[in-house]
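Trainee: Got a structure here, written out as structure tokens. Questions coming.
The values are calculated or read from the model by the stated rules, or taken from the named source; none is laboratory data. Note that this is a predicted model, so its numbers are computed, not measured. Cβ: placed from backbone, ideal geometry, glycine included. Neighbour counts: every protein chain shown.
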Amino acid sequence: MSIITFWNGTDDEVGNTTSCMAFATQVAIEHNIKVLLLSTSLNDSLIKDSFWQENRRKSFGLFADNRSKIIENNGLEGLERVIRSNRITPEMIKDYTKVVLKNRLEILLGLEGDGETQKKQYSMTQESYPEIMELADRYYDMVIVDLDKNIKSSTRLEILQKSHIIVAMTSQKIKSIQKIDELIKQNNSILNEENTVMAIGKYMDNTRYNAKNITRGILRKRDIINTIPYNNLLFEATQEGKIVDLYFNFIRLREKDENYYFVKEIKRLYADIKGRIEMLQMQRKI
């Protein structure tokens, strides 16, 4: 069991949430494990819009779950109240999630709502994220956290400290990559070379600053930096609530397909993360 946190360590737009969704969906479909995708945002509907549409009620066959007790909105608020009452158990978390793929992928959405009252609620509720992560880690095989930039610094630090693996997202800008690399190398940083995986979001390969040249010429490393390539089909799927449909179609991809590279890079990221987890388990750091 492991907690994987996707964190944007720069001021650039790197597609952190889209990367989380792509990774979580592919892992859940390809591997026989239970995955929870945890949103830490306020009023960011991207995850909800990517998996569901209000007027779309499609069943995913044997994967579907039509539990009436799924909380459509504010599942996080209900869960946070149970935590404050000291009545929470790890398996109770599933009662506050939305099911995407039965026994494979569930999502705990972030808070929704406008006004100062909701902002104050978000300020209080986000303090529960570290505890939610730890509880979920005892029930799910993998907890994937989409770490929002608006989380206050003390909570952000605690989330990163409790994460087994940090996926440090960066843009393809050289200065941003160098910034993350320097943080990883600092002795007093929460990031370190054992538990941090660097990944370039919205990656484009047809440039002089491709992954190979960045790795060899700038990072001076052997293993090619991970990438999450920009993909038109993924962008469209996030607008139409069809990200799961997209990944079921990806199963049939052949190497010659133009989208195969995107899927291959997500698989490579998973292999890197899995390898880090196994190494840390051997060292008994997880």
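Trainee: In the range 105-129, which residue that is without any contact (Cβ under 8 Å) to a residue 60 or more places away in the chain and surrounded by 18 or more Cβ atoms within 10 Å (Cβ to Cβ) is farthest from Val82 (Cα to Cα)?
Mentor: Once the filter is applied, the top-ranked residue is Gln121.
Trainee: Can you give me the ranges of the helices (runs of 4 or more DSSP H) entirely in the range 168-256 with at least 3 residues that are buried (at least 16 other Cβ atoms within 10 Å of the Cβ) and in contact with a strand residue (DSSP E or B) (Cβ under 9 Å, 6 or more places away or on another chain)?
Mentor: Details: elements: 174-185, 232-240, 243-250.
Filter on the range 168-256 gives 174-185.
Trainee: Something else now. I'm trying to understand the selection: among the residues of the range 34-54, which are of a type in the set (Phe, Trp, Tyr) and either at pLDDT 95 or above or within 22 Å of Glu265 (Cα to Cα) (or both)?
Mentor: The one that is of a type in the set (Phe, Trp, Tyr) and either at pLDDT 95 or above or within 22 Å of Glu265 (Cα to Cα) (or both): Phe51.
Trainee: Examine the range 259-273 for a residue that is at pLDDT below 95, loosely packed, with under 15 Cβ neighbours inside 10 Å and not polar (S, T, N, Q), and state whether such a residue exists.
Mentor: Within the range 259-273, not a single residue is at pLDDT below 95, loosely packed, with under 15 Cβ neighbours inside 10 Å and not polar (S, T, N, Q).
Trainee: Still on this model: Can we say Ser154 is without any contact (Cβ under 8 Å) to a residue 12 or more places away in the chain, out of contact with any Gly (no Cβ under 8 Å at 6 or more places or on another chain) and surrounded by fewer than 17 Cβ atoms within 10 Å (Cβ to Cβ)? Lay out the reasoning, then the answer.
Mentor: Numbers: without any contact (Cβ under 8 Å) to a residue 12 or more places away in the chain: yes; out of contact with any Gly (no Cβ under 8 Å at 6 or more places or on another chain): yes; surrounded by fewer than 17 Cβ atoms within 10 Å (Cβ to Cβ): yes.
Yes.
Trainee: Another question about this same structure. Among the residues in the range 11-33, are any acidic (Asp, Glu), out of contact with any helix residue (DSSP H, G or I) (no Cβ under 9 Å at 6 or more places or on another chain) and either under 27 Å from Lys267 (Cβ atoms) or modelled with pLDDT of 85 or more (or both)?
Mentor: yes
Trainee: Just give me the residues in the range 92-130 being part of a helix (DSSP H, G or I), of a type in the set (Asp, Glu) and either more than 21 Å from the chain's Cα centre (by Cα) or at positive phi (or both), in sequence order.
Mentor: Glu116, the sole residue that qualifies.
Trainee: Restricting to the range 157-175, count the residues that are among the charged types (D, E, K, R), touching a residue at least 24 places away in the same chain (Cβ under 8 Å) and closer than 21 Å to Ala199 by Cα.
Mentor: Summing the residues that are among the charged types (D, E, K, R), touching a residue at least 24 places away in the same chain (Cβ under 8 Å) and closer than 21 Å to Ala199 by Cα in the range 157-175 gives 2.
Trainee: Of the residues in the range 124-168, how many are among the small types (Gly, Ala, Ser) and out of contact with any helix residue (DSSP H, G or I) (no Cβ under 7 Å at 6 or more places or on another chain)?
Mentor: 3
Trainee: Would you confirm whether any residue within the range 184-194 is within 28 Å of Lys94 (Cα to Cα) and among the hydrophobic types (A, V, I, L, M, F, W, C)?
Mentor: no
Trainee: Related question: Please state which one of Asn192, Asn213, Asn232, Asn206 is within 30 Å of Ile47 (Cβ to Cβ), at pLDDT 95 or above and polar (S, T, N, Q).
Mentor: Asn232
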